[in-house]
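Asker: Got a structure for you, written out below as structure tokens; questions coming shortly.
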Number of protein chains: 2
Amino acid sequence: MSRARKILAVTGGVGGAKLAVGLAQLLGPDELMFAVNVGDDFTHLGLHISPDIDSLTYALAGQNNQELGWGRAGETWQFIETLGSLGGDDWFRLGDKDMALHMRRSLMLQDGASLSAATQEITQRMGIAHRVIPISDDPIRTVVQSAKGDLMFQHYFVRERCAPSVHGFRFDGLSDAALNPALAAYLADCDGVIICPSNPFVSVAPVIEVAGLLQASAHIPCIAVSPIVAGAAIKGPAAKMMQELNMPATALAVAEHYEKSYPGLLSGFVIDASDQASIEQFPLPTIATPAVMVSLEDRIALASRCMAFLDELAG
Amino acid sequence: MSRARKILAVTGGVGGAKLAVGLAQLLGPDELMFAVNVGDDFTHLGLHISPDIDSLTYALAGQNNQELGWGRAGETWQFIETLGSLGGDDWFRLGDKDMALHMRRSLMLQDGASLSAATQEITQRMGIAHRVIPISDDPIRTVVQSAKGDLMFQHYFVRERCAPSVHGFRFDGLSDAALNPALAAYLADCDGVIICPSNPFVSVAPVIEVAGLLQASAHIPCIAVSPIVAGAAIKGPAAKMMQELNMPATALAVAEHYEKSYPGLLSGFVIDASDQASIEQFPLPTIATPAVMVSLEDRIALASRCMAFLDELAG
């Protein structure tokens, strides 16, 4: 049993959301808050789309599309197919149900609601008791610096299918973005931070680098779960990016990246059992445990192991 | 065989679109143009919706929903059902495919296209060769003056299901709206105008009353087809409105309304065969012919009879 009872989980896309689901099974709404990346947000077809918030929302509501690995369960595609037939932009595959979420959020934002307030309304309507908090209500937009020039993240990720070689990232708006006050308040007496297995460059960095987050979490045990297992990303372009950035695509390189980029942030690191052989090389306390989450039991087991690790680190 | 070979058809909603389909079977794209009401247009969920243009577009493309009597064929409702579940406005039943059309149009308008240009793009994409022309590219908005106060037309028609008693209509923007130049040019050598069986108060009036239309069509034979058959509207609130406006809900009262409101506009009037007994009372040349259109053959037969009537009137 774990003692830590007020946890902040940092999540990006689909991979992070899996661990988030496990944590939500272990911890109640007063014990767990999610800090979510907004760097992938963009405006498309006039709608405000928040891919990472939505991935987490669908996962927590049990409405994630397990066949596709992204998007909403029970989805249909009449809107986007028809839009394409009428000459409209159809590269971003918006499902009919997914559209409704983007429309609802966009209209709330147009009516003056903050992204936080819109997210709260939507998550509550979907039966989620835990608080899903955008890292900031101010716009942060991840730009991928690539062989095809600067690309908005979703243009790189979806339209270009991660094909262009990457040499860097920029987070437009980051220096002006205020840390979400709900997060700042929660961190004041938070027992631990868990960085879920999300892409360190494009999912985690825009969260960690928001002004005030590192300071607010300086005295809180923080662990990160490697999104790289056995030299490959479980999902998404993390491993490909690491190679293009001249880093080995290994869990060790992820840990070294965190240590170098954010000295003192991490108290511990979690790698998959398959990477056990390299564990002595890690520059910080590290545990190896099954970290490839297929079933709900996998998610809960990893969450439980992370909670225990935080307790161990807290002494 | 008819001689008239350049026809303008004035259409409103679903009823008018039926005759339009018949006319389009008889006349080629250079021989037939549609002038369509935009008074029902409104902005909903941030989208520009043009119900009458869309009813005509779907009908001409063979994509009208025959089960519902409105909307697009093969429609699904995932978007609007999900929007409702998220607390959004779901009284206007936007189908998933229908949404795509509104989105496409809205984005073109936002990019600076005129409603005419957007309509042309969409109708061509849907395989329609005939020109569908909004009566004006300027906004005209029908307001229903009712027992529940002033209501935007779609609020009256869809949200309130035509329940509030009506005592008048207002067409906001009408006095500033310019007749579509494509219509003005077409009328210069047009052989005949057919007012399809649409609601005279809310579908036809906003078209006829646009500045310049009556003058441009003054010397052109013009006939109207009654939307009232045997004392009832085939579809929609026309008969209910007539009662509330203290007019008998008869084809004769429709003809008298046109004669009184637009003296000299009509050269002839078309009623259903079931109203034959009253034909001597009509204040203008009138024919009785089957005007309830169920099959495509019905649509073609009525269109053919209208064409012949125009020829007779032209002498």
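Asker: Just the ratio, please: alpha-carbon radius of gyration of the protein assembly as shown over 2.2 N^0.38 Å, N its number of residues.
Answerer: 1.23
Asker: Could you work out the relative contact order of chain A, using alpha carbon pairs under 8 angstrom and six or more residues apart, expressed as a whole percent?
Answerer: Once divided by the residue count of chain A, the mean separation gives 21 percent.
Asker: Right, next: What would the Debye equation give as log₁₀ I(q)/I(0) for segment A:1-93 at q = 0.10 Å⁻¹, counting only Cα atoms as equal point scatterers?
Answerer: Per q value, in the given order, log10 I(q)/I(0) is -0.34.
Asker: Where the centroid of each part is defined by its Cα atoms, how far is segment A:289-315 from segment B:216-276 in Å?
Answerer: First find each Cα centre; the distance between them is then 75 Å.
Asker: Would you mind listing the distances between the residue A:159 label point and the same position in each other copy? Use 7 Å along Cα-to-C-beta, nm, one decimal, shortest first.
Answerer: Label-point distances to the other copies, shortest first: 3.6 nm.
Asker: Return the percentage of antiparallel bridges among DSSP beta bridges fully within chain B, rounded to the nearest 5 %.
Answerer: Bridges in chain B that DSSP calls antiparallel: roughly 40 percent.
Asker: Which whole-number percent is the relative contact order of segment A:1-148 (Cα, under 8 Å, 6+ apart)?
Answerer: 27 percent
Asker: Say the dipole of the protein assembly as shown comes from +1 at the beta carbon of Lys and Arg and -1 at that of Asp and Glu; which of A:100, A:307, A:277 then lies farthest toward its positive end?
Answerer: The residue sitting most towards the positive pole is A:277.
Asker: If I fit a long axis through the Cα atoms of helix B:251-261 and take the longest principal axis of the Cα atoms of chain B, what angle between them do I get, 0 to 90°, rounded to 10?
Answerer: 90 degrees
Asker: Mind checking the mean number of beta-carbon atoms from other chains within 10 Å of the Cβ atoms in A:85-96?
Answerer: Per-residue shielding by partner chains comes out at 5.
Asker: Now for a separate question. How big is segment A:91-224 by Rg and Dmax over its Cα atoms, in Å?
Answerer: Values for segment A:91-224 (Cα only, Rg and Dmax): 16.5, 45 Å.
Asker: Based on a Kirkwood Rh over C-alpha pairs, give the Stokes-Einstein translational diffusion coefficient of segment B:79-169 at 10 °C and viscosity 1.306 mPa s in µm²/s.
Answerer: Translational diffusion coefficient: 103 µm²/s.
Asker: Let me ask something additional. If you place +1 on the Cβ of every Lys and Arg, -1 on the Cβ of every Asp and Glu, and leave all else neutral, what size is the dipole of chain A about its Cα centre, to the nearest 20 Debye?
Answerer: 180 debye
Asker: Ok, one more. Sequence-distant or interchain residues sharing an amide H contact under 5 Å with residue B:171, placed H: which?
Answerer: The list, which skips near neighbours in sequence, is B:143.
Asker: For residue A:172 and residue A:117, FRET efficiency with R0 = 22 Å and r from the beta-carbon atoms, rounded to 0.05?
Answerer: Efficiency for this residue pair is about 0.45.
Asker: Kindly give the distances from residue B:240 to its copy-mates, label point to label point, with each label point 7 Å from Cα along Cα→Cβ, as nm values to one decimal ordered shortest first.
Answerer: So the label point of residue B:240 gives 5.6 nm to the other copies.
Asker: Going by amide H atoms built from the backbone, whose H comes under 5 Å of the H on residue B:288, apart from near neighbours?
Answerer: Sorted by chain and number, the residues that satisfy this are B:271.
Asker: For helix B:296-314, report the angle its Cα long axis makes with the longest principal axis of the Cα atoms of chain B; keep it between 0 and 90° and round to the nearest 10°.
Answerer: Computed tilt is about 50 degrees.
Asker: Could you give the dipole magnitude of the protein assembly as shown about its Cα centre, charging the beta-carbon of Lys and Arg +1 and that of Asp and Glu -1, in debye to the nearest 20?
Answerer: Value, rounded to 20: 360 debye.
Asker: Further question: Over all residues in B:69-78, what is the mean tally of Cβ atoms on other chains that come within 10 Å of each residue's Cβ?
Answerer: Across the residues of B:69-78, the mean count of other-chain Cβ atoms within 10 Å is 3.
Asker: Note down the magnitude of the dipole of segment B:46-158 about its Cα centre, charges +1 on Lys and Arg C-beta and -1 on Asp and Glu C-beta and zero elsewhere, to the nearest 20 debye.
Answerer: 180 debye
Asker: Any chance you could get the radius of gyration and Dmax over the Cα atoms of chain A, in Å?
Answerer: Radius of gyration, then largest Cα-Cα span, for chain A: 18.5, 62 Å.
Asker: Right, another one. What is the Cα convex hull volume of segment A:139-183 when expressed per residue in Å³?
Answerer: 80 Å³
Asker: Something else about it: Using a label point 7 Å beyond Cα on the Cα-Cβ vector, give me the inter-copy distances for residue B:297 in nanometres, one decimal, shortest first.
Answerer: The answer, with the shortest distance listed first, is 6.7 nm.
Just so you know, all these numbers are worked out from the coordinates, no wet-lab data involved. None of the values given here were measured: they were computed from a predicted structure. As a convention, Cβ positions derive from the backbone with ideal geometry for all residues, glycine included, and neighbour counts pool all protein chains shown.
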